[in-house]
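Input: a single structure, listed below in structure tokens.
Every number in this text was worked out from the coordinates using simple rules, so none of it is lab data. Here the structure is a predicted model, which is why all the values come from computation and not from measurement. Cβ placement follows ideal geometry from the backbone for every residue including glycine, while neighbour counts extend to all protein chains displayed.
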Amino acid sequence: MDTVSRVKSSRRRILGTLVGIAASATLAGCAQNAPQDTWEPKGPNAEMIHDLDNLVFPIAYVVGIIVLGLALYIFWKFKDRGQEIPVQGHGKPYMEITLTVVPALILSVVGVFTFRTIFDLAETQDTEIVINVTGQQWWWEYDYPVQPEHGINQPIVTSGQLVFPAGTKVLLRETSRDVIHSYWIPALNGKKDAVPGRVHLLRLEANEPGLYAGQCAEFCGLSHANMRMEAIALSKEDFAKWVANQQKAYVPPAAGTVEAEGEAVYIAQCARCHQVNGLKDAQGKPIISAPDEYVYSGAAPNLTALMTRNTFAGAMFDLVNEKCRADVWGAPSEKFGEAYLKGVTEDCLNQKDLRAWLRNAPEMKPMYAEPNLLGPSDGKYRGMPYLALTEDDIDKLVAYLLTLK
Amino acid sequence: MAETATHSADHAADHGHSSTGISNNKLAMWLFLGSECLLFGGLISTYMLYRGRVSDGPHPEQIFDIPFTSVSSFVLLMSSLSMVLAVTSAQRKDYSRTNLWLLVTAILGATFVGGQIYEFTAFYREGLGFSTSLFSSSFYTLTGFHGVHVTVGVIMLLSTVGILKKNRATGDKAESVEIVGLYWHFVDVVWIIIFTLVYLIPA
Amino acid sequence: MAIIERPDTATVPAVVTPSQAFGVIKRPVASSGWREWLFTVDHKKIGIMYGAVALFFFIVGGVEALLIRLQLAAPDGRILSADQYNQMFTMHGTTMVFLFGMPMAAAFANYFLPLQIGARDVAFPRLNALSLWLLVVGGLILNASWFLGGAADGGWFMYAPNSGPVFSPSNGVDYWVLGLQVAGLASLIGSINLIVTVLNMRAPGMTLMKMPIFTWMILVVQFLLVFSLPVITVALVLLMFQRSYGATFFDVSQGADPLLWQHLFWIFGHPEVYVLILPAFGIISEVLPTFSRKPLFGYPFVVFSGAAIGLVGFGVWAHHMFASGLGPVSVAVFSIATMAIAIPTGVKVFNWLLTMWGGKIWYTTAMKFAIGLVTLFTIGGLSGVTHSVAPSDTQQTDTYYIVAHFHYVLFGGMVFGLFSGFYYWWPKVFGKMLNEKLGSWNFWLMVIGMNMTFGPMHILGLQGQPRRMYVWTEARAGEGFFNLGFWNLIASIGSFILAAGVLFFLINIVHTAKKGKVAPADPWDARTLEWITTNPPKPHNFDRIPVVHHLDEFFHRKYAEDTATHTMKRYATAEEVIKAEEDAADAHIHLPSPSYWPLVLALGIGVLCMGVVYGVPVMVVGAAILVFSVFGWVLEPSTADDSEIDPPSVDGSTKEIAPIG
Amino acid sequence: MSTATESHEDTHEHGMSDAGYIKIALILAAITALEVSTYYVDFGPLFLPSLIAMMFVKFFMVVSYFMHLKFDNKLFSLMFYIGLGLAIFVYVAALATFKFFM
């Protein structure tokens, strides 16, 4: 091997080592299993973005190391050691042109890949299931329009957790009822704002069943930090079970039980805003909530199958206790559906947070739910108000809510 | 770019020295007008985006009175002529004629503003309030901003007349008139665009 | 108008004749004490006041930042409530951008731009004072909200419809809207003033391509301001009309499109980024050559890349909106345009490095901050390139990765550049040298603190921590020792180290004021025109307006190439160069007199604005003051006799040097 | 002031006579009449382009002649047309993104 190529190859080795060190330093510095890690794609859309990252970040690393290395060399080499005042040269145009053209070439390579990925990600023609997502201060509503091919024969309305079949191309049709929110499940795709008055499309697809965490990413007011979401990918069979369960008829609690008393409390206190499909009053008339009379944004979470969800209050709180929660999160992919579909059983319920929420919601989550702040919104709440429930009422309500599964 | 820094060192001592040979004040006014292009551009764009969004309120075509607005547009256009005549007479140092033309310009401008006030009240009576719809908010904001500009222009014209009459100008008189004129013509030019885009092209 | 008979001795103060009985109110006579500052129209005094105001707000914004970092040091922080936190980050951003970054750049521009082009003052001295006082009024209105029911809480970007009356019911947003309009007006006036100054008031022989690079960058910035400020003004007016007068611009129930605000905001907001960074680029483009003892490498390329950054900067605003729901066509176009802007930026970095290449580098604190900028900005620039890739950006935007990026650019870039300027020009402004040892502490603590604070934010963001959250939860922090909690804590500790660094600067100021070393005439062996005069400069800047033959004129008056050895040889000291100028002093030097009107006019506008919140009567009072002061301004007498004008006026009409200004 | 005299000479050399200005005003009036006529007469597909064209002709006539931009220092034109050009560019681009909505 002649000297020149040896120098070259050793330079290459040094460069490679440096890139390696920088990259591994970054990786070693990362948390393991951070639920919202953008560098752990779990679906084709996020993978497309990650492929692009895998191109751009190394380029940035290499350029950065070359430039900073050069800078350090210059800082050391041309230190004032008593040398002469240098010749007052004003620059070399050929060098300038080179240093303009080289970055331009690098960027045009990046540009081509970027361009392609933008249009690949915008693809929506081959959608297999559509779910409407509506942001609201400070929770997300999911509504599944009728799609008989997925067994959805009547609209399903839910909140907190987006449940969808794995390995299926899901199209979210996003909008908002009040301010701008942004839907973001990092493992599945980049974020897309939910803007009132507009419908934005976001494609999600999960490779495997599992739970994927996300968070509202556009500042949306007081409780922005508490507006979380979880996306639940189930196998196609498990999803069919979930769909069927969501559509099953309402079974009122047997008369005389504490659950039945709880139903009465619910009708008196909660049914103004919250909907439980199939719930009927004493005369047998269906009870239809009218949240738009009380809530600025015009909706409150539909509680029909509350106990099939693991979270409440905009996914701020777990509806299951820590142990049961860990069972679901920790379940391997093939067991995940089974663990999730168990829902919230009595021994799994997170009694503490749920009761505290019922006792005084505004204390649990900052919201515009105080009477003296309601002037500009014509007296309507944003978020859940303080209801002055007695402890007895709360006991009954919890018992009743446990029947909603 | 003009590079005429030919003044002697003696002249350079004076503040009146100018590297480009053009007046500071005029340059500042032109920069301001360049900036105003983006101000009115933003207001016009807002209107263009919202022109068709009328909610329950009246549509533009229902309330615009094209013959009336055409006349007031014409009045404003002609005020540009009287303004330019004021400038040329000031440059000839014929200040009595300058004052006359400035007054004519101010009267024409005031007529335009009066017409706009009349128009606004007529629209209001037909149910187009400021809060009625996106169309109404953006229409009133755009034309109102323009109206305020015209009003400020009228005040500037009348003040110039006063200052010239009392001989209290602190600078070059002809240039002051010319600069007021630049502002005035710009206001006219903006109306040329508003008249076409807002009134003549239906939503 | 003050007439300064060219002094026989250097110590003669500005001799001012009182105003003649001509006009409504007499012009004030230059006096000592507070009046000297309140009514001054001297660009140097105004520059110092700009600096003081900006430094004050830097500390205010810094304290806000520390509170934010305290809150986020641990999960479920309880230092601030959600509402307080939202106000805090809104005001931190707003303060740092509008009340620190822009005014501090304006301070440098005001002080040094006339000196660098060999002028006695700016084109419109009274308008210059007006800009300052409007900025002060704007800053007061913005921060008064803290004491009047809470500050704005919608983020510095104030997206509609969250900024509407329903979602932001306190008056905070009203004060924000008004304060920014006033501060914007201040910048607009200032920018027109400076453009005219640069174009029209250069010393003889100083062609555009012989202007110091700092002046060039300031010129580009002023053009950016002139053409971007009206856009934010439109947005602010629309929001004000909605909040205060029932307009419907962002009322979605009427069919409004919230993206209108985003477009208007970012059409302004992106050029604004360059407004903040280019002055710092200009400063270090002066500092690097000075301390490398070499001219700036590729001067014309640095100039044109600055102009290119400015121009292209108007075409990339939508890259702040990649997740906003623009169509793929718009996203693709803006993505590519954004990449294009990396090219001129890269040109700058390469030219700085090549300036140092082959130099004789002298590591003063000013130089350390300048190379701090070069390295830290490079990191910020590269993370910026990763955002320009729109699909990646949808993962990164609104996370701490963005926070990391723009703090590397704005703190590592803008703030380091400004600090470099402090250390470089302090002797010029105050005649005393800042202490280099304290400076070293200042620099190293800031470098360490800055990297500890913002470095971990790259990891936080890429691992999914969104911005603008008043708490983060352990449940989403991941496992392992280096989880997000660890990095949040490191960032918080870093922010206090950073603050300690800034504290050393404040200590240095006090130390220097008390027992600082008196600065020699040319402490850095500098290169540009501002050094061809005393430290600090006399009120009229130059005894004789220097005639310019070279780029880096001052250097070429001191050094020439030895034809035999082809090395640079010094043949004159700075003192000799300055002496030569003093000996040939101009016979008549005109400086404008102080004036009451800039201050009164600014107050009038302030009162007028408060009328939007407090009702029509207040507005009427404000308007009355405004109209009165405008007439006072226009009719303000000139104190000079015609005979004292040089050259004598032709038709007797010219009474003042700067009739409107 | 040294520049004041210069700009005097400039305008006298390049400016127009009063009659010239009146002629311009008459042309502007005629174009305005034509514009208004589009409201009453059907111009078919030419409606929009012709209105825009007439608007620009009027605009540039006032700017070039009444505001002297045609005769004055090119620096003034630069300042104004940069602003105008940027305004057209950014606002047309912004409005276009509302059209490329999906």
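Hey, what did the stretch A:99-249 get for relative contact order, percent, Cα under 8 Å, at least 6 apart? For the stretch A:99-249, the relative contact order is 23 percent. In a fully extended conformation the segment linking C:Y363 and C:F147 would gain 73.2 nm over its present Cα-Cα distance, using 0.36 nm per residue.
So what does log10 I(q)/I(0) come out to for the protein assembly as shown at q = 0.04, 0.08, 0.09 Å⁻¹, using the Debye formula with one equal point on every Cα and no solvent? Here the Debye-derived log intensity ratios amount to -0.26, -1.02, -1.24. The residue among C:P114, C:Q465, C:W362 whose Cα reaches farthest toward the positive pole of the charge dipole of chain C, with charges on the beta-carbon of Lys, Arg, Asp and Glu, is C:W362.
When the alpha carbon gyration tensor of chain A is reduced to an equivalent ellipsoid, the three semi-axes, largest first, read 54, 24, 20 Å. Given a Förster distance of 35 Å, report the FRET efficiency between C:R78 and A:R272 from their Cβ-Cβ distance, rounded to the nearest 0.05. E between C:R78 and A:R272, to the nearest 0.05, is 0.60. Contact order, relative form, for chain A: 14 percent (alpha carbon pairs under 8 Å, 6 or more residues apart, mean separation divided by residue count).
How many angstrom lie between the C-alpha centres of the stretch B:37-82 and the stretch A:93-115? With the stretch B:37-82 and the stretch A:93-115 each reduced to a Cα centre, they are spaced 47 Å. In this rough spin-label picture, where each label sits 7 Å from Cα along the Cβ direction, the C:F631-C:V518 distance is 5.2 nm.
Phi angles of the stretch B:35-47 translate, via the Karplus equation with coefficients 6.51, -1.76, 1.60 and θ = phi - 60°, into HN-Hα couplings of 5, 4, 4, 6, 5, 5, x, x, 5, 5, 4, 4, 5 Hz per residue; Gly and Pro are given as x.
Checking the cross-link pairs C:K348/C:K579; A:K236/A:K365; C:K210/C:K579; D:K23/D:K74; A:K77/C:K348; A:K42/A:K241 against a 29 Å limit on the alpha carbon distance flags C:K348/C:K579; A:K236/A:K365 as lying beyond it. Once R0 is set to 35 Å, what does the formula 1/(1 + (r/R0)^6) return for the Cβ-Cβ distance between A:A326 and A:D126, expressed as a FRET efficiency to the nearest 0.05? Rounded to the nearest 0.05, the efficiency is 0.45. Under the rule of at least 5 residues apart or a separate chain, name every residue whose amide H is placed under 5 Å from the amide H of A:F317. Excluding prolines and chain starts, which carry no amide H, the hits are A:F312.
Descending by average beta-carbon neighbour count within 10 Å, the peptides C:576-588, C:277-289, C:419-431, B:107-119 line up as C:277-289, C:419-431, B:107-119, C:576-588, the highest first. Taking the C-alpha atoms only, the angle from helix C:416-430 to the longest principal axis of chain C is near 30 degrees. Remark: the stretch C:519-580 carries a charge dipole of roughly 120 debye about the Cα centre, counting +1 on each Lys and Arg Cβ and -1 on each Asp and Glu Cβ.
The stretch A:249-269 and the stretch C:254-290 have Cα centres lying 59 Å from one another.
Can you tell which of A:Y61, A:Y266, A:Y381 shows the greatest fluctuation in a Gaussian network model of chain A with Cα springs below 10 Å? Comparing A:Y61, A:Y266, A:Y381 in the GNM, the peak value goes to A:Y61. Pick out, from C:A521, C:I267, C:A585, the residue whose Cα sits farthest towards the positive end of the charge dipole of chain C, with +1 on the Cβ of Lys and Arg and -1 on the Cβ of Asp and Glu. It is C:A521, whose Cα lies furthest towards the positive end. Highest mean packing comes first when the peptides B:147-160, C:597-610 are listed by Cβ atoms within 10 Å, giving C:597-610, B:147-160. Here the scattering of chain C is modelled by Debye summation over its C-alpha atoms, one equal scatterer each and no solvent; at q = 0.06, 0.08, 0.12 Å⁻¹ the log10 of I(q)/I(0) is -0.34, -0.61, -1.36. Calculated on the alpha-carbon coordinates, the convex hull of the stretch A:67-131 measures out at 154 cubic angstrom per residue.
Peptides A:48-59, B:21-32 ordered by packing proxy, namely the average of other Cβ atoms within 10 Å per residue, highest first: B:21-32, A:48-59. Semi-axes of the equivalent ellipsoid of the stretch A:231-389 are 29, 21, 16 Å, computed as sqrt(5λ) over the eigenvalues of the C-alpha gyration tensor in descending order.
A simple rule links phi to the HN-Hα coupling: the Karplus curve 6.51 cos²θ - 1.76 cosθ + 1.60 with θ = phi - 60°, which for the stretch C:141-151 gives 4, 4, 8, 4, 4, 4, 9, 10, x, x, 7 Hz, with x for Gly and Pro.
Projecting the Cα positions of C:G313, C:S163, A:W242 onto the charge dipole of the protein assembly as shown (unit charges on Cβ atoms of Lys, Arg, Asp and Glu, taken about the Cα centre) puts C:G313 furthest along the positive direction. Normalised by the number of residues in chain C, the mean separation of alpha-carbon contacts (under 8 Å, six or more apart) gives a relative contact order of 20 percent. Using the Kirkwood formula on the Cα atoms of the stretch B:25-200, what hydrodynamic radius do you get, in angstrom to one decimal? Hydrodynamic radius (Kirkwood, Cα only) of the stretch B:25-200 equals 17.0 Å. Ordered from longest to shortest, the equivalent ellipsoid semi-axes for the stretch C:529-583 are 24, 11, 9 Å, each the square root of 5 times a Cα gyration tensor eigenvalue.
Karplus-based coupling profile of the stretch C:502-508, in residue order and whole Hz: 5, 4, 4, 5, 5, 4, 4, with θ = phi - 60° in 6.51 cos²θ - 1.76 cosθ + 1.60 and x standing for Gly or Pro. Among beta bridges from DSSP that stay inside the protein assembly as shown, the antiparallel ones total about 75%. Relative to the Cα centre, the charge distribution of the stretch A:82-128, modelled as +1 at Lys and Arg Cβ and -1 at Asp and Glu Cβ, gives a dipole magnitude of about 380 debye.
Dipole check for the protein assembly as shown: with +1 at the C-beta of Lys and Arg, -1 at the C-beta of Asp and Glu, and the Cα centre as origin, the magnitude is about 2180 Debye. By the beta carbon rule, with partners counted only under 4.7 Å, the protein assembly as shown holds these lone Cys residues: A:C30, A:C216, A:C220, A:C270, A:C273, B:C37, C:C609. The B:V148 and C:T563 beta-carbon pair, evaluated with R₀ = 51 Å, returns a calculated FRET efficiency of approximately 0.15. Normalising the Debye intensity of the stretch C:84-228 to I(0), with uniform scatterers on Cα atoms only, and taking log10 at q = 0.10, 0.20 Å⁻¹ returns -0.40, -1.07. Label-to-label distance, A:D51 versus A:Y94, with points set 7 angstrom from Cα along the beta-carbon direction: 4.1 nm. All distinct Cα pairs of the stretch B:103-168 go into the 1/r average, and the inverse of that average, the Kirkwood radius, is 13.2 Å. The three principal axes of the C-alpha atoms in the stretch C:232-361 carry coordinate ranges of 66, 34, 19 Å, sorted with the longest axis first.
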